[in-house]
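Working notes, structure below.
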Amino acid sequence: MKFGVIQFPGSNCDQDAYYAIRDVLQQPVDYIWHQESNLAGYDCVILPGGFSYGDYLRTGAIARFSPVMGAVQEFADRGGLVIGICNGFQILCEAHLLPGALLANNTLRFRCKYLHVRVENDTSSFTHLCYRGQVLRIPIAHHSGCYYCEPDVLKELEEQDRILLRYCDRDGNVTEQSNPNGSVSNIAGILNEQGNVAGMMPHPERAVEDLLGSEDGVLIFRSIVERLS
Amino acid sequence: MSANREPGGRTVQATLPIPPEVYREMGLNDAEYQRVVEVLGRHPTYTELGMYAVMWSEHCGYKFSRPILKLFRKYREAIEGSGLENAGVIDIGDGFGIAMKMESHNHPSAVEPFQGAATGVGGILRDIFTMGARPIASMNSLRFGNLDDPRNRYLFEHVVGGIAFYGNCVGVPTVGGEVCFEECYSGNPLVNVLSVGLVRIDEIAFARACGPGNPVMLVGSRTGRDGIHGATFASVELGPDSESRRPNVQIGDPFTEKCLIEATLEALKTGYIVGIQDMGAAGITCSTCETAAKAGTGMRIDVRKVPLREEGMTPYEIMLSESQERMLAIVQKGHEDEVARIFTKWGLNASIIGEVTDDGLIHVYDGNELVAQVPAKSLAEEAPTYVLDTEEPEYLKRVQSYDLSSIPEPDDYNQALLKLLASPTIASKEWVYEQYDHMVQTNTVVLPGSDAAVIRIRGTKKAIALTTDCNGRYCYLDPYLGAQIAVAEAARNLACCGAKPLAVTDCLNFGNPEKPEVFWQFRRCVEGMAEACEFFEAPVVSGNVSFYNETPDAAIYPTPVVGMLGLIEDVQKRCTSAFKGEGDVIVLVSGWTAEDEASCDLNSLGGSEYLKAIHGLAVGKPPVLVMEKEKRVHRVVLRAIDQMLLNSAHDCSDGGLATTLAEGCIMGDVGAQISLVSNCGPAAALFAETQSRIVVSLPAEKLGKLREIAEDEQVEITVLGRTHGDKLEIAVNDEPVINVKIMDLKEAWCRSIPRTMED
Amino acid sequence: MPKANVYITLKPSLLDAQGKVVQGALEKLGYTNVSAVRIGKYIQIELEGDGDLEQQVDDMCRKLLANPVIEDYRFEIER
């Protein structure tokens, strides 16, 4: 089993994701340069957080045209696991691997803080080690994390159990006050139709050691590892 | 003129005298112009004049501050020895060093706060990675006028926004700092940014243009007209026409900077870069002459080979442009392509613009035409220095002798405490640091909001701690003592998280040094700081001076900001300032005896935030500091943290003991019952900013061990009370004076800044 | 040289948080007749040659410049 972490110019959580997989999960992992067009040999590809191409024009808009994104599309079509974190989530939406888009936070400010998310789907390849309703403590750090989709798409996401995580308070209540950015229906993470592509705004790779304040992010990565082995 | 002769026999054409109004406009005085003529043996060209004007400005040449800065031991040794590097490197063992520097971007931020602050962050980061160090954390120390003025709110909002814009994108966590508000910073905001980097000691890169014949490469962004004469701009007072100087402000591109960080670190790994320097103030002029001067070499460059962003730029403009995100690299001959390939891979320009020579001269060509030819050392190291007059300011005696006994006790101590907690200088800065990515790189183990930020060093058991401190009001009331307290408080903040001081970087912000009163403040501050840094074994390894922080109406308080680095040997043994649940004993570790503690002399309210926030006064003398007593307190707390005795440690500073206790409660979400003894009024017991005190909390059964350590260090400890319930209750001499719900304290402390800014 | 001026705005159905703040600020400045503010992007593109520039710019908008999920665009070409 092998992970790949894609590096776009401007990615800045690539090294954190790499560290989480290699040093905490103790799994094999490579960096994949954005010019790469072949993902053979990988089982899970991570699109990390950061500011690919400076997030100029629109978050993720330019990165989606990198050669590697063609390969990611094929990889996903073949059923490979893809997870986009923060900027990675934005890129997956721009590339139409996930529905919807991420708008500027309704606070209009960058927000970096620990918060709580509730696990809505406990069978996916990314969350099956969690239980439904479990509250995870994972930080966010973004300026454009306000998830938006058309009402019919939202209905579809709900009906097909494709909402992975929702922002909530520490007791698991999904409230307006616990929504940090104005996301529709408090959505923090979603799945594609096939269930092999996930996107989330919170940073699980930042919550993998007690020393950092939480180990809840490990559940996400360990879910992937167990599903693949 | 043999000095001006090229190997090929080419010389700069003898030129006519430059009219005085031209060189004065550039910032040179008559004597300095004459000095240029003497050095060159002729009149300078327009390009040469521009180069001297900018390199001999206070900003680049330290012409006023250098004689005083020699009071700092390391600076003196560096000037007299091997020369200054871009940032100091401190050995932390295990083969690692920490590069650290702080810099001001006050003037650009006053004119265009967003870009001014953003490019400040970019500049300080380049100072760090140009040494081969990966930037691992940034901090900032900000000062603004009162927030009731919309202009100050605008500056505050956009400075923070600019720091967030740049720092978040480059992926270096901004882990904390300080923000203070005083009327004197209205119109003169201070934006000081600090950055630290991690480097293997055997991989430090140097800013030296070694090896004649080696190609000189310009990497990074293209060059435009931005920021021309930004450096001289920073060396004059801001007047009403500062707004029209807007074109001087540079625009930052953090995306390019992020690529530049990765490319530079990757290129340095090849071993083919013999010298490298970032480009900040004075752009190509500064980087070419400084690297050549340090290596004792010269350089020949052609401005036509510089990739430009705009058409029709003159050699003068190219030499002085302060376009951001550029570096000058001196590459081993024959390996240009390998190095260039790395920069190209990251989408950056890498152009050879010249080569190193052995004649000590900077030769600037515009194609075939020689437009400047000047000795590198004369630009980089021979700026005229001045010993300015000093005079004790008149205001001092007046403010120091203010009769504090005339100040009445407050009617309601609860209201006074709430008001103090809501004072923006004391209030929670969450609104600020939530806008900064403070976790990227996943090494921040103590997040912003505690006394110091803590960053673990992977591959070791160690962590570093960082803090910035300065109380400008203290420095206004007594520059020497104020500067010493800044150092003592920084060391105290480090002790509270379990770190021993290692080194200091500073940002010395003052008014117009050509005024004897201002220069007196400057000298006294440096004297106090130099002495305290030696005492706390934290030498000043780098820093920056910013003068002319004044408008026609007013000068700022003398503000010598201390950025202090500390080391934690075992990252597991660290401490934060929040109380941790019910039933802990709350103890005051103080450098003073119980008798001192109760006395009125020691517990003077002079210079306190209480006097400022409640009575609108900046008067009295700052609190007494005895450095030996201070150090003993640090030793007690450090030993107690090392033995894992403490659940929290929080220093007493702005707002006094009551504020320290309230913050511990708010952050820990738990109440406290406290009993104090005082021989003067309760206000002094609650709000005096008496130095050398740390409030700790611990389980009762560990108190004996803490006592043993304290006795051993000859420090008295006093049990103040315990954590309990959901209220902060304080009695002075058994008389209840404070009784407030933590929820209400929290509302005052947490909501103050958001309420002001989101109104 | 032909020049394309491209205007991109959030779809009317989406809350424009930035626009809302600016509207509030204008109202505070005394402009009581401001009923809505929408903020968008303006992109200038200098083009070479002639051919079907309309088609080309429309393509650019759909592929990269605008995100059809959240944004509308319009453009004009100056020749």
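The values are calculated or read from the model by the stated rules, or taken from the named source; none is laboratory data. In this text, all values refer to a predicted model and were calculated from it rather than measured experimentally. Cβ atoms come from the backbone with ideal geometry, glycine included; neighbour counts cover every protein chain shown. The protein model used for the area step is the full one, side chains on, heavy atoms only, and it has no ligands, DNA or RNA in it. Shrake-Rupley method; radii C 1.70, N 1.55, O 1.52, S 1.80 Å.
Is there a residue in the stretch B:498-521 that is on the phi > 0 side of the Ramachandran plot and open to solvent by less than 20 Å² (accessible area, probe 1.4 Å)?
Checked against the condition, which is being on the phi > 0 side of the Ramachandran plot and open to solvent by less than 20 Å² (accessible area, probe 1.4 Å), the stretch B:498-521 yields at least one hit.
Being within 12 Å of chain A (Cβ to nearest Cβ) and over 25 Å from A:Gly182 (Cβ atoms) narrows it down to one of C:Val21, C:Val6, so name that one.
Step by step, each of C:Val21, C:Val6 is checked, and only C:Val6 is within 12 Å of chain A (Cβ to nearest Cβ) and over 25 Å from A:Gly182 (Cβ atoms).
Can you find a residue that is among the acidic types (Asp, Glu), at pLDDT 95 or above and closer than 21 Å to B:Phe181 by Cα anywhere in the stretch B:434-442?
Yes, the stretch B:434-442 contains a residue that is among the acidic types (Asp, Glu), at pLDDT 95 or above and closer than 21 Å to B:Phe181 by Cα.
Suppose the filter is out of contact with any Lys or Arg (no Cβ under 6 Å at 6 or more places or on another chain), open to solvent by 60 Å² or more (accessible area, probe 1.4 Å) and more than 28 Å from B:Met627 (Cα to Cα); does B:Glu758 pass it?
Here the answer is yes, as B:Glu758 does meet what is asked.
Can you find even one residue in the stretch A:57-75 that is assigned to a loop (DSSP other than H, G, I, E, B), surrounded by fewer than 20 Cβ atoms within 10 Å (Cβ to Cβ) and either of a type outside the set (A, V, I, L, M, F, W, C) or in contact with a strand residue (DSSP E or B) (Cβ under 6 Å, 6 or more places away or on another chain) (or both)?
no
Quickly run through the stretch B:387-420 and pick out the residues that are open to solvent by less than 60 Å² (accessible area, probe 1.4 Å), touching a residue at least 60 places away in the same chain (Cβ under 8 Å) and hydroxyl-bearing (Ser, Thr, Tyr).
B:Thr390, B:Tyr413
If we scan the stretch B:294-317, do we find a residue that is closer than 30 Å to A:His34 by Cα, under 26 Å from the mean Cα position of the chain (by Cα) and either of a type in the set (S, T, N, Q) or open to solvent by 10 Å² or more (accessible area, probe 1.4 Å) (or both)?
no
When the stretch A:106-150 is examined, which residues are found to be touching a His at 6+ places or on another chain (Cβ under 9 Å), in a loop (DSSP other than H, G, I, E, B), open to solvent by 20 Å² or more (accessible area, probe 1.4 Å) and within 14 Å of chain B (Cβ to nearest Cβ)?
The answer is A:Leu108, A:Arg109.
Considering each residue of the stretch A:1-23, count those that are among the hydrophobic types (A, V, I, L, M, F, W, C) and more than 10 Å from every other protein chain (Cβ to nearest Cβ), and give that number.
Number of matching residues: 6.
In the stretch A:90-105, how many residues are within 14 Å of the chain's Cα centre (by Cα) and either of a type in the set (S, T, N, Q) or more than 14 Å from every other protein chain (Cβ to nearest Cβ) (or both)?
Qualifying residue count for the region: 1.
When the stretch B:640-673 is examined, which residues are found to be outside any helix (DSSP H, G or I) and open to solvent by less than 10 Å² (accessible area, probe 1.4 Å)?
B:Leu645, B:Ser648, B:Ala649, B:Asp651, B:Cys652, B:Gly655, B:Val670, B:Gly671, B:Ala672
Exactly one condition in (1) within 30 Å of B:Arg523 (Cβ to Cβ); (2) surrounded by fewer than 17 Cβ atoms within 10 Å (Cβ to Cβ); (3) touching an Asp or Glu at 6+ places or on another chain (Cβ under 8 Å) is false for B:Ala380; which is it?
For B:Ala380, the failing item is (2).
Residue by residue, here is whether (1) under 18 Å from B:Met667 (Cβ atoms); (2) part of a helix (DSSP H, G or I) holds:
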site: B:Ala685; (1), (2): no, yes
site: B:Thr690; (1), (2): no, no
site: B:Val695; (1), (2): yes, no
site: B:Arg707; (1), (2): no, yes
site: B:Glu711; (1), (2): no, yes
site: B:Gln714; (1), (2): no, no
site: B:Gly721; (1), (2): yes, no
site: B:Leu745; (1), (2): yes, yes
site: B:Thr756; (1), (2): no, yes
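Given the criterion open to solvent by less than 50 Å² (accessible area, probe 1.4 Å) and either over 30 Å from A:Pro139 (Cα atoms) or more than 14 Å from every other protein chain (Cβ to nearest Cβ) (or both), identify the matching residue among B:Ile352, B:Ile457, B:Ile362.
The match here is B:Ile362.
Quick check on A:Glu159: is it modelled with pLDDT of 95 or more, acidic (Asp, Glu) and farther than 13 Å from A:Asn121 by Cα?
Judged against the criteria, A:Glu159 is not a match.
Just for the stretch B:332-349: of the residues that are closer than 16 Å to B:Pro307 by Cα and assigned to a helix (DSSP H, G or I), which one is most open to solvent (accessible area, probe 1.4 Å)?
Checking each candidate, the answer is B:Thr344.
Those residues that are within 14 Å of chain A (Cβ to nearest Cβ) and either in a helix (DSSP H, G or I) or free of Cβ contacts under 8 Å to residues at least 24 places away in the same chain (or both), I need them from the stretch C:41-79; list them, please.
Residues satisfying the conditions are C:Asp59, C:Met60, C:Cys61, C:Arg62, C:Lys63, C:Leu64, C:Leu65, C:Asn67, C:Pro68, C:Val69.
For the stretch A:152-229, list the strands (runs of 3 or more DSSP E) that sit wholly inside it and hold at least 1 residues that are farther than 16 Å from A:Leu98 by Cβ; which are they?
A:163-168
Name the one entry in B:Val175, B:Val196 that is farther than 30 Å from B:Glu550 by Cβ and within 14 Å of chain A (Cβ to nearest Cβ).
Every option except B:Val175 fails the conditions.
Can you tell me how many residues in the stretch A:199-229 are touching a residue at least 12 places away in the same chain (Cβ under 8 Å), farther than 22 Å from A:Arg111 by Cβ and within 11 Å of chain B (Cβ to nearest Cβ)?
Residues in the stretch A:199-229 being touching a residue at least 12 places away in the same chain (Cβ under 8 Å), farther than 22 Å from A:Arg111 by Cβ and within 11 Å of chain B (Cβ to nearest Cβ): 1 in total.
Hey, could you check the stretch A:46-97 for residues that are in contact (Cβ under 8 Å) with a residue 24 or more places away in the chain and β-branched (Val, Ile, Thr) and say which is farthest from A:Leu164 (Cα to Cα)?
By that ranking, first place goes to A:Val68.
Determine if the stretch B:349-365 includes at least one residue that is modelled with pLDDT under 95, within 30 Å of A:His34 (Cα to Cα) and assigned by TED's automatic domain parsing to the domain that holds B:Pro212.
Looking through the stretch B:349-365, at least one residue is modelled with pLDDT under 95, within 30 Å of A:His34 (Cα to Cα) and assigned by TED's automatic domain parsing to the domain that holds B:Pro212.
For residues that are crowded, with 24+ Cβ neighbours inside 10 Å and either among the basic types (Lys, Arg) or under 16 Å from B:Tyr436 (Cα atoms) (or both), tally how many sit in the stretch B:117-135.
9
Going by what's in this entry, would B:Ile163 be described as at pLDDT 95 or above, open to solvent by 10 Å² or more (accessible area, probe 1.4 Å), touching a Leu at 6+ places or on another chain (Cβ under 9 Å) and within 12 Å of chain A (Cβ to nearest Cβ)?
In short, no.
Only one of (1) more than 28 Å from A:Tyr53 (Cα to Cα); (2) away from every other protein chain (no Cβ under 11 Å) is not met by C:Lys28, so which one is it?
Failed condition: (2).
Take the residues of the stretch A:26-54 that are part of a strand (DSSP E or B) and buried (at least 19 other Cβ atoms within 10 Å of the Cβ): which is nearest to the other protein chains (Cβ to nearest Cβ)?
Here the answer is A:Gly50.
Please pick out the residue among B:Glu689, B:Glu716 that is assigned by TED's automatic domain parsing to the domain that holds B:Ser401 and in contact with a Gly (Cβ under 6 Å, 6 or more places away or on another chain).
Checking each option against the conditions leaves just B:Glu689.
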